[in-house]
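Read the structure below first, then the notes.
Any read-out appearing in this document is the output of simple, stated calculations on the displayed coordinates, not a laboratory observation. Remember, it's a predicted structure, so these values are computed and weren't measured experimentally. Counting neighbours? That spans all protein chains shown, and the Cβs are built from the backbone with ideal geometry, glycine included.
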Amino acid sequence: MLVAVLFDADGTLFDSAEFILNSYEYTCRTLNLPMITREMLNDSKGIPLRETYDLYHPEGTQEESCRVHKDFQLQNLHLCKPFADTRDTLDKLKERDVRMGIVSARGGTVHPVVELNGLTSYFEVIVTADDVVLRKPHAEGLLLALDKMQVKPEHAFMVGDMHGDIEMGRRAGVKTIGVACGFEGWDRLKTYNPTYLAQNLGDIISPIDLHRGLP
């Protein structure tokens, strides 16, 4: 039977597009570097922070760029906001006794964003990029979360908005739901062959209900 649902954070639980873009823009202005634009970030979705700066600023400023970037995020956590249906969806899953966790490609700012928005109590475990060696689409983070929760992969869903989330779920042996409210959109998510597709986060309840109580 279905026991647990693991969520990606950015673009799934949180509308973080401006939070991410503003972090890059602030860093580039502060360090007088060529601007990293929205279009450039669209072309490099899912790439870890250090690798993004490696790609666009190969001049050797990556360590300083990452520091300024993370400092900006810690001081502007309010820019990362839950989607309108995030809390309602979490409430519905909690009512169904579905256990929940987060597996994010972002680092240490995930915990304070969850706490700031009053969502900490919903999640048994939060695994971030700081907790793993191999990032999405490798299954390490998801398998770590499942191990901490003592849940078998066949009893879990992974919910995310990007290829890395769907592929990570596939590699870990869990069912997957692609949500189109985030960075990739319906048409692109469909090509990744998730178990289910959902237009918005609230739409994940129906496929989850299909699997509750099944062997």
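Would you tally the residues in region 150-172 being touching a residue at least 24 places away in the same chain (Cβ under 8 Å) and either within 14 Å of PHE7 (Cα to Cα) or in contact with a helix residue (DSSP H, G or I) (Cβ under 7 Å, 6 or more places away or on another chain) (or both)?
Number of matching residues: 15.
How many of the residues in region 138-149 are surrounded by fewer than 21 Cβ atoms within 10 Å (Cβ to Cβ) and free of Cβ contacts under 8 Å to residues at least 60 places away in the same chain?
Initially, region 138-149 is screened for residues surrounded by fewer than 21 Cβ atoms within 10 Å (Cβ to Cβ), giving 138, 140, 143-144, 147-149.
If we keep only those that are free of Cβ contacts under 8 Å to residues at least 60 places away in the same chain too, we end up with 138, 140, 143-144, 147-148.
Residues flagged as surrounded by fewer than 21 Cβ atoms within 10 Å (Cβ to Cβ) and free of Cβ contacts under 8 Å to residues at least 60 places away in the same chain within region 138-149 amount to 6.
Exactly one condition in (1) under 16 Å from ASP10 (Cβ atoms); (2) surrounded by fewer than 22 Cβ atoms within 10 Å (Cβ to Cβ) is not met by GLU154; state its number.
(1)
Within region 106-130, take every residue that is more than 14 Å from the chain's Cα centre (by Cα) and among the acidic types (Asp, Glu) and give me the one that is surrounded by the most Cβ atoms within 10 Å (Cβ to Cβ).
GLU124
Looking only at region 176-215, how many residues end up being basic (Lys, Arg) and without any contact (Cβ under 8 Å) to a residue 60 or more places away in the chain? Explain how you work it out, then say what you get.
Within region 176-215, the first condition is being basic (Lys, Arg), and the residues that meet it are 188, 190, 212.
So of that shortlist, the ones also without any contact (Cβ under 8 Å) to a residue 60 or more places away in the chain come out as 188, 190.
Within region 176-215, residues that are basic (Lys, Arg) and without any contact (Cβ under 8 Å) to a residue 60 or more places away in the chain number 2.
How do the helices (runs of 4 or more DSSP H) wholly within region 1-98 filter down when requiring 3 or more residues that are under 30 Å from ASP147 (Cβ atoms): which remain?
Values: elements: 17-30, 38-43, 49-56, 62-75, 86-95.
Helices (runs of 4 or more DSSP H) meeting the threshold: 49-56, 62-75, 86-95.
Within region 184-207, track down each residue that is buried (at least 22 other Cβ atoms within 10 Å of the Cβ) and more than 20 Å from ALA139 (Cβ to Cβ).
Those that are buried (at least 22 other Cβ atoms within 10 Å of the Cβ) and more than 20 Å from ALA139 (Cβ to Cβ): ALA198, LEU201, ILE204.
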